[in-house]
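Just below is one structure, and these are the notes that go with it.
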Amino acid sequence: MWFLLTQHFGLRGCQEHHDMYVEDFAFRKPPKTRQGGLRKKRRRCPVKLFKTFLERRPEEMRNSGPFYLALNERPKTQVWYKRQRMGVNSINSFMKNMASQADIQGKKLTNYSARKT
């Protein structure tokens, strides 16, 4: 979710992500201006990913509360997150962790790299 939100909304630093709430988002039906354009190519739907993200949150925090919650390291249920806000430093290290797990070498990637693409 962090990567999609950074790319599509141009969020700058980790503080903008840290200050977001679930209530900042609303689902609306798009206007019907495209004639079958979405059916031609198979794409990942960001709305579907967003809804799946919300389903993994604690029941009482699916429609409200801080957007980024602390991770439950070993979930035993379909809930992947704790009822606690994720810290600024954890959000700030997302890109660094993604780059190291993908074993990308030779180029220093920062959070701004996701926005720049």
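For the range 18-32, the set of residues classified as over 10 Å from P66 (Cβ atoms) and within 14 Å of the chain's Cα centre (by Cα) consists of D24, F25, listed by residue number. Residues that are part of a loop (DSSP other than H, G, I, E, B), in contact with a strand residue (DSSP E or B) (Cβ under 8 Å, 6 or more places away or on another chain) and surrounded by 12 or more Cβ atoms within 10 Å (Cβ to Cβ) within the range 46-88 comprise R56, R57, P58, G65, F67, Y68, N72, W80, M86, G87, listed in sequence order.
We did not get these values from a lab; they are worked out from the coordinates using the rules stated. Fair warning: this is a prediction, and the values are worked out from it, not measured in the lab. Here Cβ is always computed from backbone atoms with ideal geometry, including for glycine, and neighbour counts include all displayed protein chains.
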